[in-house]
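Chemist: The following block contains the structure, expressed as structure tokens.
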Amino acid sequence: MEEALRQQPSDCIKVVVFGPESTGKTTLSRQLADHYNTVWVPEYARTYLQEKWNNEQKACEPKDLVPIAVGQMELENTLAKKANRVLICDTDLLETKVYSEAYYQGSCNPLLEKMALENSYNLYFLTYIDVPWIADDLRDKPNERARMFRAFEDALQNANKLYVILKGSKNMRFNKAVEHIDRLLKDK
């Protein structure tokens, strides 16, 4: 199981768009992938949980987190082989860890936690909560955005991950992200 949660080696720069629900992560991931003519890794949890919701109308349970993590890493490892110098990840295992702790009284599967901390990325973009919250079947914490943002930032700090907070309009976020990715590409 550990191998299924491990990153495969890759020469591309990997960035993660990271943060609470409904903060523009998917929109930004798509924009960045288009800009760099590369692929982006969608959030596997959305597909997994939407299918579960459609079939059973049940929310996420602790037993779902490892299959979600395995699916996320399978997508990432597959798409890293297709990336053009940069891989844009619309989440990672650290995000799954944060949600596990937020929803399940601070607990997280030990293997998921281990791999969330071991997998490595060049930079995280932490998306701020200054955009409108948009409801869907899976989003359920519109009144806890500030608390969730702190949980995400705490996770990055506790894991000693390099990150940049993105605030403002879509264009402001995009331009700041491009500036940082361009720097990574230049230094590579």
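The values are calculated or read from the model by the stated rules, or taken from the named source; none is laboratory data. Computed from a predicted model, the values in this text were never measured in an experiment. We place every Cβ from the backbone using ideal geometry, glycine too, and count neighbours over all the protein chains shown.
Chemist: Going through the stretch 1-23 one residue at a time, which ones are more than 17 Å from THR96 (Cα to Cα) and under 12 Å from the mean Cα position of the chain (by Cα)?
Modeler: LYS14
Chemist: Follow-up question, since we're still on this one. Can ALA59 be described as out of contact with any Cys (no Cβ under 9 Å at 6 or more places or on another chain) and either surrounded by 15 or more Cβ atoms within 10 Å (Cβ to Cβ) or farther than 27 Å from LYS114 by Cβ (or both)?
Modeler: On the way: out of contact with any Cys (no Cβ under 9 Å at 6 or more places or on another chain): yes; either surrounded by 15 or more Cβ atoms within 10 Å (Cβ to Cβ) or farther than 27 Å from LYS114 by Cβ (or both): no.
In short, no.
Chemist: Can you name the residue in the stretch 62-93 that is surrounded by 18 or more Cβ atoms within 10 Å (Cβ to Cβ) and polar (S, T, N, Q) and, of all such residues, is farthest from VAL16 (Cα to Cα)?
Modeler: Among residues in the stretch 62-93 that are surrounded by 18 or more Cβ atoms within 10 Å (Cβ to Cβ) and polar (S, T, N, Q), the one farthest from VAL16 (Cα to Cα) is GLN72.
Chemist: Limited to the stretch 1-23, what total is found for residues that are out of contact with any Ser or Thr (no Cβ under 8 Å at 6 or more places or on another chain) and surrounded by 24 or more Cβ atoms within 10 Å (Cβ to Cβ)?
Modeler: Total meeting the criteria: 1.
Chemist: Being touching a strand residue (DSSP E or B) at 6+ places or on another chain (Cβ under 6 Å), closer than 29 Å to PRO9 by Cα and not hydroxyl-bearing (Ser, Thr, Tyr) narrows it down to one residue among LEU112, LEU94, LEU156; which is it?
Modeler: Working: LEU112 fails: touching a strand residue (DSSP E or B) at 6+ places or on another chain (Cβ under 6 Å); LEU94 fails: touching a strand residue (DSSP E or B) at 6+ places or on another chain (Cβ under 6 Å).
Just a single option satisfies the conditions, and that option is LEU156.
Chemist: For the stretch 11-100, please list each of the helices (runs of 4 or more DSSP H) lying entirely inside it that holds at least 2 residues being touching a residue at least 24 places away in the same chain (Cβ under 8 Å), of a type in the set (Val, Ile, Thr) and under 21 Å from PHE174 (Cα atoms).
Modeler: On the way: elements: 25-35, 44-56, 65-80.
Here the list reads 25-35.
Chemist: From the set of residues in the stretch 119-177 that are surrounded by fewer than 18 Cβ atoms within 10 Å (Cβ to Cβ) and basic (Lys, Arg), which is modelled with the lowest pLDDT?
Modeler: Applying the filter and picking the extreme gives ARG139.
Chemist: Select from the stretch 148-186 the residues that are free of Cβ contacts under 8 Å to residues at least 60 places away in the same chain, part of a loop (DSSP other than H, G, I, E, B) and among the charged types (D, E, K, R) and list them in ascending order.
Modeler: Passing the criteria: only LYS167.
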